[in-house]
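The values are calculated or read from the model by the stated rules, or taken from the named source; none is laboratory data. Computed from a predicted model, the values in this text were never measured in an experiment. All Cβ positions, even for glycine, are placed from backbone atoms using ideal geometry, and neighbour counts span all protein chains on display.
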Amino acid sequence: MSESVRVITRPGVYVVGQQSVRPAELDRFLADHGVSWASDSTIAAEVLTETAGRVCYMSFAKPRPGGNAAYLGHIKESGHGSVLEHAVWNLLITGVSRSLTHELVRHRAGMGYSQLSQRYVDESVAEYVEPTIIAADPELHKLWLETVQLAHAGYVKLADALAKKIAADPDTKDLPATDRRKAARQAARSVLPNATETKIFVTANGRALRHFLEQRGSRHAEPEIRLLANEVCKTLQREAPNLFGDYRLEPLPDGTAEVTTEYRKV
């Protein structure tokens, strides 16, 4: 394998940001309305979601038994999903293909994206995401790798030749160096395959994330994005078990799992 071509098979999910609660402000609101209340959860997303739900009915004075877990369980059971929109995470996702992100960015409501730019970033040393069904078959893997290496070599040659052409062209030679590099890379990237690895920063609320998990964690979803949904689900269950603990991961023959819940489309 060429040293400049790296093959990866699993995504990375990093939680780089999440909200915090301002207890003094919450207490000031409660005092102004003559009540006192405190959630038994210490997780900001769960506290904020419960607070938003209680505001709808001003149910702070007489909370039902069971604490935050019971309250959010009832929220999911009743389908009162709008309050989940107040919990927001910042996820940094790596090790996924451009094919995957073409599907991911179709999730618009409640989700925002910032993605690695192939116009600015040099792909001469790049990673490529190999589908599991190909990686498991030696002959298919060999064919896939040869194809990727050919496309990668073409990119490197094109980027170099374009850089020289732009530097010599009277109309472009006086451009700043950054602009010349961008012009070369944006044209050369046209030969890069959908398997090219990318990184994407995602900001999403709890309701949008549940929709993503149910749509892309389905057995009918494309395997790579289903694997990502598996990783995101496990991450969110650690982050906020009372919001995402109802999901189950049912193993599938391809090594991924189907994400299921009794509370669909909250």
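Suppose we keep only residues that are more than 28 Å from the chain's Cα centre (by Cα) and assigned to a helix (DSSP H, G or I) within region 174-191. Which one would you say is surrounded by the most Cβ atoms within 10 Å (Cβ to Cβ)? Ranking the candidates gives Ala184 first.
When Glu123, Glu146, Glu139 are screened for being in contact with a strand residue (DSSP E or B) (Cβ under 8 Å, 6 or more places away or on another chain) and acidic (Asp, Glu), only Glu123 passes. Just one of the listed residues (Val5, Val13) is modelled with pLDDT of 95 or more, of a type outside the set (Lys, Arg), within 30 Å of Val156 (Cα to Cα) and surrounded by 12 or more Cβ atoms within 10 Å (Cβ to Cβ), and it is Val13. Among the residues of region 87-110, none qualifies, meaning not one is touching a Phe, Trp or Tyr at 6+ places or on another chain (Cβ under 8 Å), farther than 30 Å from Gln186 by Cα and either among the charged types (D, E, K, R) or surrounded by 15 or more Cβ atoms within 10 Å (Cβ to Cβ) (or both). In region 125-173, the qualifying residues are those that are loosely packed, with under 13 Cβ neighbours inside 10 Å and assigned to a loop (DSSP other than H, G, I, E, B), and the one that is farthest from the chain's Cα centre (by Cα) is Pro170. Entry remark, region 204-234: residues being charged (D, E, K, R), over 13 Å from the mean Cα position of the chain (by Cα) and part of a helix (DSSP H, G or I) number 2 in total.
Per-residue answers, yes or no, for (1) over 25 Å from Ile8 (Cβ atoms); (2) of a type in the set (A, V, I, L, M, F, W, C); (3) out of contact with any His (no Cβ under 6 Å at 6 or more places or on another chain):
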| position | (1), (2), (3) |
| --- | --- |
| Tyr57 | yes, no, yes |
| Gly79 | yes, no, yes |
| Glu85 | yes, no, yes |
| Asn90 | no, no, yes |
| Arg108 | yes, no, yes |
| Tyr113 | no, no, yes |
| Glu123 | no, no, yes |
| Leu145 | no, yes, yes |
| Gln149 | no, no, yes |
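Cβ-Cβ contacts under 9 Å between residues 6 or more apart (or on different chains), taken from a first residue in region 31-50 that is under 10 Å from Gln19 (Cβ atoms) to a second residue that is surrounded by 17 or more Cβ atoms within 10 Å (Cβ to Cβ) and hydroxyl-bearing (Ser, Thr, Tyr), are listed as Val47/Ser39; Val47/Ser41.
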